[in-house]
1. With each label point set 7 Å from Cα along the Cα-Cβ vector, what nm distance links Lys131 and Leu201?
2. Pop a pseudo-label 7 angstrom from the Cα along the beta-carbon direction at both Gln185 and Val75 and give the gap in nm to one decimal.
3. For the chain, what is the relative contact order in percent, using Cα pairs closer than 8 Å and at least 6 residues apart in sequence?
4. If the chain between Leu222 and Ser210 were fully stretched, how many nm would it gain, using 0.36 nm times the residue separation less the Cα-Cα distance?
5. If each of Asp8 and Gln33 carries a label point 7 Å out from its Cα toward its Cβ, how far apart are those two points in nm?
6. Placing +1 on the Cβ of each Lys and Arg and -1 on the Cβ of each Asp and Glu in the chain, which of Leu135, Ile65, Leu178 has its Cα farthest towards the positive end of the resulting dipole?
7. Cα to Cα, under 24 Å, and not fewer than 8 places away if on the same chain: which lysines meet these conditions relative to Lys196?
Amino acid sequence: MGSPGAPDFFYREAQRLGYVARSAFKLLQLQKQYKLISPGSSVLDLGCAPGAWLQVACQSLGPLINGGVVVGVDVKKVKVPSAFCDERVRTVCFNVMNLQRDRAKQLSPQGKGFSVVLSDMCPPVSGITTKDAALSMELGMRAFSLAMGSSDNTLKGSELDTDDEGILLPGGNLVLKLLESEDLQGFTQLCKPYFKKTSLLRPKATRSSSREIYLVCQSRRLDQR
C-alpha cells in the first residue's frame, strides 16, 4: 500500500495520457457506463478546475464536425487544456453560488439551455465529517437548482418548484458529486420523479479515503419542464 499522497495508478495514467488530473477517469467511467454525452451535446461543467472533465467532455462529443459545446464554470480562472480540447470548449470565471439561471442559460447555444449538466464541485475539506457533508449537499442543491429551475429553499422542503424551467433541457442528464451522509438517500429520492432513471456510483478512480459519490440523473422527464 502506498503512502498517503503518493502517486497512484490513476495519477500516473493521467500523466501518461495527457489528462490534467486523475479525476478524468471518473467521468470516463460515468460516460462509459451511462452514455451521458452524445455527439452534438451542449455540456455545462460546474466546478471545472483544473479541466480534466472539460477534456473528457470534449472527447465525448466526437469529431469537430459533430458540433456541440462544453462550457466550464469555476470560481478560479481555468485555462482550457490543450490536450483533447478544441474550439468547442470555453471557460467562465464565476462563483456558482451566485450564478443566476438566466445568466447560466445565456452561456448555452442560442440561450436555450444545456443537454448535460455536470457538477464536480466539492467544498474545501475541513475534516469535520458533518460540516463537509452539509457543505457538499449545499453545492449539490445549488447545481440541482440551476438545472431544474427550483429554488434552493424549496429543495430543502418536500417538493420542487419548477415554475422557472431551469437550464437542463428535457431529456437531459445531470451528474452531481456529493459526500456520503444521512441526507444522501433523501436527496436521491427527491430527484427521482424528475428523471427516467437515477443511480449512485462511486467511480474506481475515487481515492479509498474519500467519501465522495456521484448521483447520476438520466433523461429529464418532459412533463417536468
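Values quoted throughout were computed directly from the atomic coordinates according to the rules given, and no laboratory measurement underlies them. All figures in this text were calculated on a predicted structure; none of them were measured in a lab. Here Cβ is always computed from backbone atoms with ideal geometry, including for glycine, and neighbour counts include all displayed protein chains.
1. 3.3
2. Between Gln185 and Val75, the simple spin-label model gives 3.1 nm.
3. Working: 441 pairs, mean separation 37.0, N = 225.
Computed over the chain, the figure is 16 percent.
4. Values: separation 12, 0.36 × 12 = 4.32 nm, distance 3.53 nm.
Contour length minus the Cα-Cα distance gives 0.8 nm.
5. 1.5
6. Value: Ile65.
7. Lys26, Lys32, Lys35, Lys105, Lys112, Lys156, Lys177
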